[in-house]
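The values are calculated or read from the model by the stated rules, or taken from the named source; none is laboratory data. Owing to the predicted nature of the structure, the values given are computational and were not obtained by experimental measurement. Don't worry about glycine lacking a Cβ; one is built from the backbone with ideal geometry, like all the others, and counts go over all protein chains shown.
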Amino acid sequence: MAVIEGRPPVVLPKQVSVRELATLLEVSIVDLMRALVNMGTMASINTTIDFDTATLVATELGIETKAEEEIAPPVEDAEAEIAPLKPELWTEDDASKLKPRPPVITILGHVDHGKTSLLDAIRTTNVTAREAGGITQHIGAYQIEYKDRKVTFLDTPGHEAFTAMRARGAQLTDVAILVVAADDGVQPQTIEAISHVKAAGVPIVVALNKMDKADANPDQVKAQLAEHNVTIEEYGGDTPLVPVSARTKLGIDDLLETVLLVADVAELTANPDRPAIGRVVEAHLDTKRGPVATVLVQTGTLERGDFVVAGVSAGRVKAMTDDKGKPVGRAEPSRPVEILGLPGVPEAGDVFRVVADEKTAKALVAANARERAGAGASEKPATLDEMFAQVKEGKAKELKLVLKADVQGSLEAIKGALAKIPQEEVGLQVIHDAVGDITESDLTLAAASSAVVIGFNTKMEAPAKRVADQTSVDVRQYKVIYELLDDVQKALTGMLEPVMVEAVIGHAEVRQIFTAGKTTIAGCGVLDGVMRRGAQARLLRGGEVTHDGHIESLRRVKDDVREVAAGLECGITLDTNDIQVGDVIEAYTVQPKPR
Ligand code: GDP
């Protein structure tokens, strides 16, 4: 294919995902994947490919490329410098610096229940006179002012986006508005949304929408919500419900008032007087402006001119605009802004943070790139087997399940039986259950929550299969309830922290004492069992334990040996020198008790 005339070479990083590459090359993902397959490279859109492969496929598509400027070698001292930047979530030690920040809201609910309409209604009813001239820009998030208080809304409604972010460790939402159409009631995606929000531990405000409709049936919806463990305040629960109409704007103020009340309970704070940290909400390549990223500041204040790192891209913030397209000089916590100046397009969910200088930026980019390259190896215990290992190490205490079944009857039967499995040490939590095939949303929820997906007489939808292939989520399908329960039970008992038991393996009597330098060597006769190098050992003197440690070395004649059996003589050193003739060394092991 001929090289496209007149186009400057596309700058490629050392590593790039297929999705990013398509953006950089400005080709469709389908064309790119086809070209990759032609070259014999099987890749999914999230596969990371190296510079050489990316260059080859670009050439195949007639696009010239060049290598991104060499990233400074991650020298040791730079590593040390970025180490404190690494746990991506900041900790603010000095509570006196924390100030209240606006809440960040996501709207979720079933399709056509009015999520988009509600986002628009909230936005248009709260345009202050000052802002009225601005043209609404869809940048992925917007902020409104209501009674002198600011509220931020994430513009991509729906639990898929919510959980996809969470799967990347980005928990941005403080309060979730669950939209339920009063004329249609709780629907499958309403139930999914409830599970997703609950799994994230985010408080819910129900917006009972379409109240203007003649067939609105609020009581029915309230009862349905209760069936799905959302008990509204009117029914004695703690979830507020506000009747609204996105069409007539009824109740929008009430809704905002309620959201602010719920947010107040959470006492949301951040420290505005520090370099900003936040997340990328959305990013794309603009043909005229280059890479454009919407970032949400989570703590600190972002200023134009700051040096920022977003994922594997670092640069100076050249320009910053708000959701009205208005240039802004600074962005405080919870403020979404669109920034220009990054050399590459970061991914939604990437952490961005202001760094002191270019050197730190380069080191952090290098570290993020390495992390991304190794990202396939998820640290999350997403399979029953990994979970088993994690709990053995005392790292996990809970097995989370996403449960799908063909019919309500089986679902109830399975839930009932699961509830009966003893879970004293390791808890079992069904974070979502529903009738129907295994969906993409089930998989992202499981990925974000380190859960295992269990299907009973279900199939897996094609998009779900793709997610399953890309993530390490364990999907187990069953046709026999007993086998399902047995596996879960096995996993749980396997997961139980082992009970450690002590076993005495032998006794030796100290008959002579030698010294070598400062070390006391006990010349012993093994009375019973064995003496073993490294084994734990107690020193008994007149029936009293005078020391509890281990056998440091074990010698037979002149050789170091691993074990000496009863009836033989040996030289033993312990991790104490206070050994006397007549003492008895009792060797023992501590091992997990088999279940
Ligand atoms: P989404 O899929 O949840 O984002 O739903 P949309 O916001 O796209 O709304 C779906 C449909 O419901 C559209 O035709 C809206 O005009 C309509 N709709 C949304 N809110 C209301 C409402 O409060 N009253 C009435 N009557 N219709 C509404």
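Quickly run through the stretch 6-62 and pick out the residues that are among the small types (G, A, S), buried (at least 17 other Cβ atoms within 10 Å of the Cβ) and either touching an Asp or Glu at 6+ places or on another chain (Cβ under 6 Å) or at pLDDT below 80 (or both). Before the answer, list the steps.
Residues of the stretch 6-62 among the small types (G, A, S): 6, 17, 22, 28, 35, 40, 43-44, 54, 58, 62.
Within this subset, residues satisfying the condition of being buried (at least 17 other Cβ atoms within 10 Å of the Cβ) are 17, 22, 35, 43, 54, 58.
Result: A35, A43.
Picking from V355, V317, V402, V407, which residue would you name as being modelled with pLDDT of 80 or more and touching a His at 6+ places or on another chain (Cβ under 7 Å)? Selected residue: V402, the only one of V355, V317, V402, V407 that is modelled with pLDDT of 80 or more and touching a His at 6+ places or on another chain (Cβ under 7 Å).
Within the group I438, I421, I431, which residue is of a type outside the set (S, T, Y) and modelled with pLDDT of 90 or more?
Details: I421 fails: modelled with pLDDT of 90 or more; I431 fails: modelled with pLDDT of 90 or more.
Going through I438, I421, I431 in turn, just one is of a type outside the set (S, T, Y) and modelled with pLDDT of 90 or more: I438.
Evaluated against (1) modelled with pLDDT of 95 or more; (2) closer than 30 Å to Q429 by Cβ, I572 falls short on exactly one condition, (2). Among the residues making up the stretch 226-249, those that are touching a residue at least 40 places away in the same chain (Cβ under 8 Å) and either within 16 Å of the ligand (Cβ to nearest atom) or surrounded by 20 or more Cβ atoms within 10 Å (Cβ to Cβ) (or both) are V230, P243, V244, A246, R247, K249.
Regarding the stretch 208-215, can at least one residue be identified that is in a strand (DSSP E or B), within 16 Å of the ligand (Cβ to nearest atom) and either over 30 Å from D306 (Cβ atoms) or not aromatic (F, W, Y) (or both)? Write out each step before concluding.
Let us first name the residues in the stretch 208-215 that are in a strand (DSSP E or B), namely 208-209.
Cutting the leftovers down to within 16 Å of the ligand (Cβ to nearest atom) gives us 208-209.
Filter once more, keeping what is either over 30 Å from D306 (Cβ atoms) or not aromatic (F, W, Y) (or both): 208-209.
Scanning the stretch 208-215, I find at least one residue that is in a strand (DSSP E or B), within 16 Å of the ligand (Cβ to nearest atom) and either over 30 Å from D306 (Cβ atoms) or not aromatic (F, W, Y) (or both), so the answer is yes.
Just to be sure, is V180 within 13 Å of the ligand (Cβ to nearest atom) and in contact (Cβ under 8 Å) with a residue 40 or more places away in the chain? The answer is yes for V180. So D254 clears everything in (1) without any contact (Cβ under 8 Å) to a residue 12 or more places away in the chain; (2) in contact with a strand residue (DSSP E or B) (Cβ under 8 Å, 6 or more places away or on another chain) except one condition, right? Which one? Going through (1) without any contact (Cβ under 8 Å) to a residue 12 or more places away in the chain; (2) in contact with a strand residue (DSSP E or B) (Cβ under 8 Å, 6 or more places away or on another chain) one by one, D254 breaks only (1).
Scanning the stretch 27-54 for residues that are in contact (Cβ under 8 Å) with a residue 24 or more places away in the chain and more than 30 Å from the chain's Cα centre (by Cα) returns V27, D31, A35.
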